[in-house]
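Heads up, the thing below is written out as structure tokens.
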Amino acid sequence: MYYSDCHVHTFFSPDSKTHPREHIEQAIRLGMDSLCFTDHMDFDYPPQYQISFDLDPKAYFPYMQKLRDEYDGKLKIRTGVEIGLETACQQQISEYIQSNPWDFVIGSIHLSGRLDPYFADYFEGRTVREAYRAYFGSMLSCLEAFDPIFDTLGHLDYIFRCGDQSITDAWSEWPDLMDAILRLLLDKGIGLEVNTGGIKSGLTFQHPHDHLLARYRELGGELITLGSDAHSPDHLGDYFAQTGERLKALGFRYYAVFADRKPAFLAL
Ligand SMILES: [Zn+2]
Ligand SMILES: [Zn+2]
């Protein structure tokens, strides 16, 4: 298996302090073929959290281009973004994606009902089950509303990193809803990200859970991407070997790595 990490954050994201060069050096040490930076952009992030996930392409692209030139022949460096999907910001998101030369775009749900499940206020006044279910409802609404302007759906069951983790298997809880989400991805030609970032938060599986991956495969899904969601270099490529084995056991043979918004398929 050729490793390539396609979900990586740097100091261009407010929740990471990592210099891109630290990730690059680590990727080379790990023998990776390529690396895609995917810093955060979330339009209209709720002000009560007092943080802003703004990524300025005018600063980002020239910075990454210098590193691409410097490491040419040593590591393929790609410039991507993880964009927060919100139906209210559809127009801005669409323009932002289409007016910049991204290699790869991850679409993620970071908000539901104008609240971020990373924070406790998301869970107030409802059961954990209701709070989890609401997140997937927001995801379905976004997938229905958005044209396929992004390449892959980020960390599908990310919500289980938050709350008390009393539920971690969305397929067993809400099979019809999850089926609708997976079918929309297939209908729209959007990939499904396999994200190993939840394991360090205490989950025993990658996003999405094996049951969702098995269902996606059963429906004919093959377009998976792979990312660690590393915010520091020690998490780059986290759990990729074991996740690769798991994916093969579930019937996947390849994962996609994007450049210029086009997938190339690498063997697992
Ligand atoms: Zn995310
Ligand atoms: Zn991320």
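The values are calculated or read from the model by the stated rules, or taken from the named source; none is laboratory data. For clarity, every value in this text was computed on a predicted model and none was experimentally measured. Counting neighbours? That spans all protein chains shown, and the Cβs are built from the backbone with ideal geometry, glycine included. For the accessible areas, the whole protein counts, side chains as well, though only heavy atoms, and no ligand, DNA or RNA atoms are used. Shrake-Rupley method; radii C 1.70, N 1.55, O 1.52, S 1.80 Å.
Of note:
- R0 of 35 Å, Cβ-Cβ distance residue 66-residue 234: FRET efficiency to nearest 0.05: 0.90
- Length added when fully stretched, residue 188-residue 90, from 0.36 nm per residue minus Cα-Cα: 33.7 nm
- ³J(HN,Hα) computed for each position of segment 201-210 - Karplus, 6.51 cos²θ - 1.76 cosθ + 1.60, integer Hz, glycine/proline x: 8, x, 6, 9, 8, 6, 8, x, 3, 3
- Length gained on full extension, residue 22 to residue 44: 4.9 nm, using 0.36 nm per residue less the C-alpha separation.
- Separation of the residue 179 and residue 210 label points, Cα + 7 Å toward Cβ, nm: 2.2
- Extension gain, residue 253-residue 172: 0.36 nm per intervening residue step, less the Cα-Cα distance, totals 26.6 nm.
- Largest first, the residues 124, 245 sort by 1.4 Å accessible area into 124, 245.
- Between segment 180-246 and segment 10-89, the alpha-carbon center distance in angstrom: 19
- Two-site FRET efficiency, residue 119 against residue 33, from Cβ-Cβ distance with R₀ of 35 Å, rounded to 0.05: 0.40
- FRET efficiency for residue 15 and residue 127, using Cβ-Cβ distance with R0 set to 30 Å, rounded to 0.05: 0.60
- List 51, 83, ordered by accessible area with a 1.4 Å probe, largest first: 51, 83
- HN-Hα J in Hz across segment 113-128 - Karplus 6.51, -1.76, 1.60, θ = phi - 60°, x for Gly and Pro: x, 6, 10, 9, x, 5, 9, 4, 4, 4, 8, 5, x, 7, 6, 4
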